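These notes concern the structure reproduced below.
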Amino acid sequence: MINPRNPYPKKAKHKAKPSQADTLFAGRAGQEGLCLRILHLIRDELYLDFRYFDRALAMLAPEADESLQTLATDGIKLYYVPEQLIRLYPKNPVFLNRALLHSLLHCIFRHPWLRNGGDIPLWNLASDIAVEYMIDLFDKASVRRIRSGIRTRLYRSLEESGQPVSAPLLYEEILKNPPGSDSFRIFDLEFPSIEVLAREFHVDDHRRWPGDEKASPAAAQASSAWEKLGRRMDQELTMSGEDGANEGRQIISQIQTGRRRRSYSDFLRKFTVLQEELHINQDEFDLAYYTYGLQLYGNLPLIEPPESREVRKVRDLVIVIDTSYSTRGSLVRSFLTRTFEILQEKDHFFSRSRVCILQCDDKVRDHILVESDQDIRRLLSSFSLTGGGGTDFRPAFRYIAEKIKEGDLQDPQGILYFTDGKGIFPDAPPPYRTAFIFYGQKAPDAVPPWAMKLELSERDLSARKRPYSHPKATMVH
């Protein structure tokens with residue numbers, strides 16, 4: 001019977017149903033869609049075991065990158081290799097869960113921004129060990145794996161050390177190994193070589209790490225975002241009571257370590273002041289107009305280069321050395337040497353700048369004024385400690401106030417007080433920035449809230465390198 005509405009019906013053509021593979025791999029768009037779906041499933045599974053990582057799981061935007069061999073991040077994006085992601089997900093989803101969480105923990109603990117010019121491969125290794133220790137400590141179904149003998153031995157040694165596990169702590173332990181040695185030790189635990197540990201703990205690719213939060217505006221913004229997220233996680237874990245569990249305490253400890261870990265060079269920037277300086281400002285000078293004027297009029301440029309610019313540098317600074325019986329002369333000399341190295345190599349001094357060096361135990365014992373490079377060389381070559389009594393911080397502050405009143409010191413930008421922290425602190429804050437600096441130990445609770453605190457380590461006062469090449473990581477687990 002003919003349908004009056006369609007007197008000429010078309011013959012139905014038989015079409016073969018496309019296979020699932022054809023649908024999934026129908027061009028680049030299909031492959032990318034599948035990868036995004038896989039990453040979404042991984043995030044969902046991690047969220048079920050780690051509710052307090054909900055915001056962190058949404059922080060990194062996924063982006064395909066065929067040049068990599070495994071996951072990577074720069075703190076802004078999560079880079080993946082589509083073909084490997086599709087191949088590994090059906091075979092070993094736990095490895096992908098761990099790899100994604102591994103990269104997230106690096107960002108939460110701010111490892112990509114804390115290297116600060118140190119030995120890159122050794123910092124990478126220390127960061128990987130710290131993160132893998134944390135993931136194995138979780139012991140959740142989504143990331144659970146059988147621990148190797150290397151991991152079991154190392155974790156036991158880390159826990160027996162009695163110190164909170166963190167990348168900075170591990171980095172300091174790794175640096176204690178002499179270069180070129182046949183064996184490798186961490187907390188008195190010996191391994192055949194450092195490469196053995198690198199192969200065991202390396203998971204993701206660190207080549208996109210900025211290394212310094214000042215590397216670019218994007219790096220600074222990402223660092224700030226992850227630091228804020230870490231503070232929020234710290235508060236949420238504490239308020240929820242999950243900080244009582246071992247893994248909760250470890251997370252909080254590593255987050256707080258990342259907040260305390262600042263490069264000494266960056267810290268000194270807090271004591272700089274913005275001031276105009278006589279200097280040709282190339283940033284505001286258009287060379288095209290200058291050369292065009294010379295071509296047109298012979299010797300008359302259309303624009304002259306600006307003869308001044310505004311810069312941030314140290315103008316007047318006070319450094320107080322605690323010379324009580326617990327202070328070592330070699331340590332103080334290293335501190336002063338490193339401080340002046342940073343100020344000179346970064347060009348932090350104005351043409352007229354002064355640094356006042358005080359030595360004080362329970363009273364001010366010595367006063368040295370540094371105004372030139374020659375003064376710095378003379379100070380470092382003949383420096384010796386004067387004092388050896390008890391520690392009282394108040395006399396140094398009274399002395400500085402008197403010198404300001406007398407006109408010998410004019411508006412100092414701040415004071416750096418190098419000490420072990422065992423002394424009497426002033427009750428009232430001075431009218432300038434104050435920082436108490438501690439070497440190789442945690443800042444005591446007695447430090448007043450108006451003062452800044454900085455904990456320095458051997459790495460901060462010296463630059464040590466190791467001849468070691470980091471192996472490449474591939475998704476073969």
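Under the condition of being hydroxyl-bearing (S, T, Y) and surrounded by 14 or more Cβ atoms within 10 Å (Cβ to Cβ), which residue from region 28-78 is farthest from Q250 (Cα to Cα)?
For region 28-78, the residue satisfying everything is T70.
If you scan region 367-393, which residues turn out to be assigned to a loop (DSSP other than H, G, I, E, B), within 16 Å of Y417 (Cβ to Cβ) and either free of Cβ contacts under 8 Å to residues at least 24 places away in the same chain or of a type outside the set (V, I, T) (or both)?
Of everything in region 367-393, those that are assigned to a loop (DSSP other than H, G, I, E, B), within 16 Å of Y417 (Cβ to Cβ) and either free of Cβ contacts under 8 Å to residues at least 24 places away in the same chain or of a type outside the set (V, I, T) (or both) turn out to be L385, G387, G390, F393.
Do you know which residues across region 158-192 are polar (S, T, N, Q) and under 25 Å from the mean Cα position of the chain (by Cα)?
Within region 158-192, S161, Q163, S166, N177 meet the criteria.
With the requirement that a residue be charged (D, E, K, R) and either outside any helix (DSSP H, G or I) or over 11 Å from D128 (Cβ atoms) (or both), what does region 197-231 give you?
D204, D205, R207, R208, D212, E213, K214, E227, K228, R231
Answer yes or no: is there a residue in region 190-208 that is out of contact with any strand residue (DSSP E or B) (no Cβ under 9 Å at 6 or more places or on another chain) and modelled with pLDDT under 85.
Looking through region 190-208, none of the residues is out of contact with any strand residue (DSSP E or B) (no Cβ under 9 Å at 6 or more places or on another chain) and modelled with pLDDT under 85.
Looking for whichever is in contact with a Phe, Trp or Tyr (Cβ under 9 Å, 6 or more places away or on another chain) and closer than 15 Å to H111 by Cα here; the options are R145, R151, R185, R208. Which one fits?
Step by step, each of R145, R151, R185, R208 is checked, and only R208 is in contact with a Phe, Trp or Tyr (Cβ under 9 Å, 6 or more places away or on another chain) and closer than 15 Å to H111 by Cα.
Give the residues of region 404-413 that are surrounded by fewer than 21 Cβ atoms within 10 Å (Cβ to Cβ) and touching a residue at least 12 places away in the same chain (Cβ under 8 Å), sorted by residue number.
L409, Q410, D411, Q413
When the residues of region 417-449 are narrowed to those that are closer than 15 Å to L317 by Cα and of a type outside the set (A, V, I, L, M), which ends up surrounded by the most Cβ atoms within 10 Å (Cβ to Cβ)?
F436
Can you tell me which of (1) buried (at least 16 other Cβ atoms within 10 Å of the Cβ); (2) of a type in the set (S, T, Y); (3) modelled with pLDDT under 75 is the one S223 doesn't meet?
(3)
From S103, S127, S157, grab the single residue that is in a helix (DSSP H, G or I) and modelled with pLDDT under 90.
Every option except S157 fails the conditions.
Out of all the residues in region 86-98, is one or more touching a Pro at 6+ places or on another chain (Cβ under 8 Å), crowded, with 16+ Cβ neighbours inside 10 Å and closer than 23 Å to W226 by Cβ?
No: region 86-98 contains no residue that is touching a Pro at 6+ places or on another chain (Cβ under 8 Å), crowded, with 16+ Cβ neighbours inside 10 Å and closer than 23 Å to W226 by Cβ.
Considering only region 52-100, state which residues are farther than 15 Å from L34 by Cα and among the basic types (K, R).
R55, K77, K91, R98 - these are the residues of region 52-100 that are farther than 15 Å from L34 by Cα and among the basic types (K, R).
So that you can scan it fast, the table gives a plain yes or no per residue for (1) farther than 30 Å from I86 by Cα; (2) crowded, with 22+ Cβ neighbours inside 10 Å; (3) free of Cβ contacts under 8 Å to residues at least 12 places away in the same chain:
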| position | (1), (2), (3) |
| --- | --- |
| L125 | no, yes, no |
| A130 | no, yes, no |
| D139 | no, no, yes |
| R151 | no, no, no |
| L154 | yes, yes, no |
| E159 | yes, no, yes |
| A167 | yes, yes, no |
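Of the residues that make up region 464-472, is at least one assigned to a loop (DSSP other than H, G, I, E, B), in contact with a strand residue (DSSP E or B) (Cβ under 8 Å, 6 or more places away or on another chain), at pLDDT below 85 and not basic (K, R)?
Looking through region 464-472, none of the residues is assigned to a loop (DSSP other than H, G, I, E, B), in contact with a strand residue (DSSP E or B) (Cβ under 8 Å, 6 or more places away or on another chain), at pLDDT below 85 and not basic (K, R).
I'm trying to understand the selection: among the residues of region 57-75, which are within 23 Å of S216 (Cα to Cα), in contact (Cβ under 8 Å) with a residue 60 or more places away in the chain and part of a loop (DSSP other than H, G, I, E, B)?
Listed by number, the residues that qualify are M59, L68, L71, D74, G75.
Just one of P217, P179, P168 is more than 14 Å from D119 (Cα to Cα) and assigned by TED's automatic domain parsing to the domain that holds L122; which is it?
Criteria check complete, one pass: P217.
For L197, state whether it is within 19 Å of S253 (Cα to Cα), in the same structural domain as E63 (by TED's automatic domain parsing) and surrounded by 18 or more Cβ atoms within 10 Å (Cβ to Cβ).
no
In region 415-441, how many residues are within 29 Å of the chain's Cα centre (by Cα), of a type in the set (G, A, S) and at pLDDT 85 or above?
Selection size over region 415-441: 1.
When region 352-402 is examined, which residues are found to be more than 34 Å from the chain's Cα centre (by Cα), basic (K, R) and surrounded by 17 or more Cβ atoms within 10 Å (Cβ to Cβ)?
R365
Which condition number does L78 fail, the rest of (1) part of a helix (DSSP H, G or I); (2) among the hydrophobic types (A, V, I, L, M, F, W, C); (3) over 25 Å from Q235 (Cβ atoms) being met?
(1)
The values are calculated or read from the model by the stated rules, or taken from the named source; none is laboratory data. All values derive from a computational prediction rather than experimental measurement. With ideal geometry, Cβ positions are generated from the backbone for all residues, glycine too; neighbour counts draw on all protein chains shown.
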